[in-house]
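S.K.: I have a structure here, written as structure tokens, and I will follow up with some questions on it.
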Ligand SMILES: [Zn+2]
């Protein structure tokens, strides 16, 4: 099959590339994701990048475009609905791109794209039972079981960041609920959770408040407060991972996202040590795809649309 276009829409960055034979071909074009004036700004930016790539690679007939984006999304409408990181109530994607290129357009949740990237070309290549977990600004999951992508009613299955992992610290999540994994262990959650944790244990707060990077750096210097806090993060990550194993029984869990990628030394050992003892721990791997699993997975979805059925 001819190469397809893969697009990954993040809250900060927009990435576009060519994917052929389940591999990224050539350059990945990165730009800032436009935030206005209207949602057309995003589709116009994507259309410009695709025209540029097609001209450069002398592509006349584009067989398909795959788009990965953070949910919630509506596959039926081909749109993102109230995306948490972009200021639009609705961001239509499939129709504007179909009209611009007269081709098939597949829209997929970014973590579901991530698991496809890992299954076709990453740490879980050829495996039939895979959970992909990204711990970055938020926490999300992509589930591939019995050789099939778990998609769900609206294409949003695997929102594991909203698993409840705690009842003690009453930490709010980005969804406003209390006790969810994302509210504690994501890049956005860690600094706020550090404040709650210090208050709960009656520890004097640092001034100015610590960022996630500072907390991890202090833990590496054996600072007792930061070490204690990182251990608590480990307990909560292990609780989340235990729930993932109970729910999905994967053969491998692939971890991705900036928080994990930059802090493997501190975050991986507690997962091994503290995951519930009665569970058989599956293989644990960190994504080898350098943050490109969702982009590659968008291409895989365009190349193999039967996966999304
Ligand atoms: Zn939540």
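Read the figures in this text as sums done on the coordinates, not as results from a lab. This one's a predicted model, so the numbers in the text were calculated from it and none came from an experiment. Cβ sites come from the backbone with ideal geometry, for glycine too, and all protein chains shown count toward neighbours.
S.K.: Using Cα pairs under 8 angstrom and six or more residues apart, how large is the relative contact order of the chain, in percent?
M.R.: It comes to 22 percent, rounded to a whole number.
S.K.: Can you give me the angle between helix 264-274 and the longest principal axis of the chain, using Cα atoms only, in degrees from 0 to 90, rounded to the nearest 10?
M.R.: Orientation of helix 264-274: about 70 degrees from the principal axis.
S.K.: So what's the gap between the Cα centers of segment 221-271 and segment 147-203, to the nearest angstrom?
M.R.: The distance from the Cα centre of segment 221-271 to that of segment 147-203 comes to 13 Å.
S.K.: Here's another thing I want to ask about it. Averaged across orientations, what area in nm² does the convex hull of the alpha carbons in segment 200-306 project? List each step's numbers first, then the result.
M.R.: Working: hull surface 37.1 nm².
Computed as one quarter of the Cα hull surface, the answer is 9.3 nm².
S.K.: For segment 158-250, go through all pairs of different Cα atoms, get the mean of 1/r, take its inverse, and jot down that Kirkwood value in Å. Let's see the in-between values first.
M.R.: On the way: mean 1/r = 0.0735 Å⁻¹.
Answer for segment 158-250: a Kirkwood hydrodynamic radius of 13.6 Å.
S.K.: Output needed: percent of Cα pairs per 5 Å distance bin for segment 24-122, bins running from 0 to the one holding the longest distance.
M.R.: Pairs per bin, as whole percents: 2, 11, 21, 25, 22, 14, 5, 0.
S.K.: Pick from 169, 120, 278 the residue whose mean-square fluctuation is largest in a GNM of the chain, springs joining Cα atoms under 10 Å.
M.R.: 278
S.K.: With an 8 Å cut-off on Cα pairs and a minimum separation of 6 or more residues, tell me the relative contact order of segment 189-293 in percent.
M.R.: With pairs under 8 Å counted, the relative contact order is 26 percent.
S.K.: Just for segment 60-185, what percent of DSSP beta bridges are antiparallel, to the closest 5?
M.R.: 70 percent
S.K.: If R₀ is 22 angstrom, what is the calculated FRET efficiency for the pair residue 213 and residue 192, using the beta carbon separation as r and rounding to 0.05?
M.R.: On the way: r = 15 Å, r/R0 = 0.67.
The computed FRET efficiency comes out at 0.90.
S.K.: Hey, what did segment 248-309 get for relative contact order, percent, Cα under 8 Å, at least 6 apart?
M.R.: 42 percent.
S.K.: Taking every DSSP beta bridge that has both residues in the chain, what percent is antiparallel when rounded to the nearest 5?
M.R.: Here the share of antiparallel DSSP bridges comes out near 60 percent.
S.K.: Between 167, 134, 275, find the one with the highest GNM mean-square fluctuation for the chain; connect C-alpha pairs within less than 10 Å.
M.R.: Top of the fluctuation ranking is 167.
S.K.: Based on a Kirkwood Rh over C-alpha pairs, give the Stokes-Einstein translational diffusion coefficient of segment 123-286 at 20 °C and viscosity 1.002 mPa s in µm²/s.
M.R.: Values: Rh = 16.2 Å.
Estimated via Stokes-Einstein, D reaches 132 µm²/s.
S.K.: Compare 207, 44, 146 in a GNM of the chain, Cα atoms joined below 10 Å, and give the one with the largest fluctuation.
M.R.: Top of the fluctuation ranking is 207.
S.K.: Right, something else. So what's the convex hull volume per residue for the Cα atoms of segment 88-170, in Å³?
M.R.: Dividing the Cα hull volume of segment 88-170 by its residue count gives 163 Å³.
S.K.: Quick one: what do you get for the chain if you divide its Cα Rg by 2.2 N^0.38 Å? All intermediate terms of the calculation are to be shown ahead of the outcome.
M.R.: Working: Rg = 19.8 Å, N = 309, 2.2 N^0.38 = 19.4 Å.
Taking the Cα Rg and dividing by 2.2 N^0.38 Å, one obtains 1.02.
S.K.: I'd like the orientation of helix 189-200 relative to the chain: the angle between its Cα long axis and the longest Cα principal axis, in ° from 0 to 90, rounded to 10.
M.R.: Once rounded, the angle reads 20 degrees.
S.K.: Counting only helical runs of four or more DSSP H residues, what would the 222 nm mean residue ellipticity of the chain come to if each run contributes -39,500 (n - 2.57) and the total is spread over all its residues?
M.R.: Value at 222 nm, helices only, nearest 500: -11500 deg cm²/dmol.
S.K.: Okay, next question. Simple spin-label model, 7 Å along Cα-to-Cβ: residue 164 to residue 265 in nm?
M.R.: Using points 7 Å along Cα→Cβ, the separation is 3.7 nm.
S.K.: Under a crude label model (7 Å from the Cα following the beta-carbon direction), how far is residue 222 from residue 27 in nanometres?
M.R.: With each label placed 7 Å out from Cα toward Cβ, I get 4.9 nm.
S.K.: Right, here's the next one. Need one number: % antiparallel among DSSP beta bridges in segment 63-109, to the nearest 5.
M.R.: So the antiparallel bridges amount to about 45 percent of the total.
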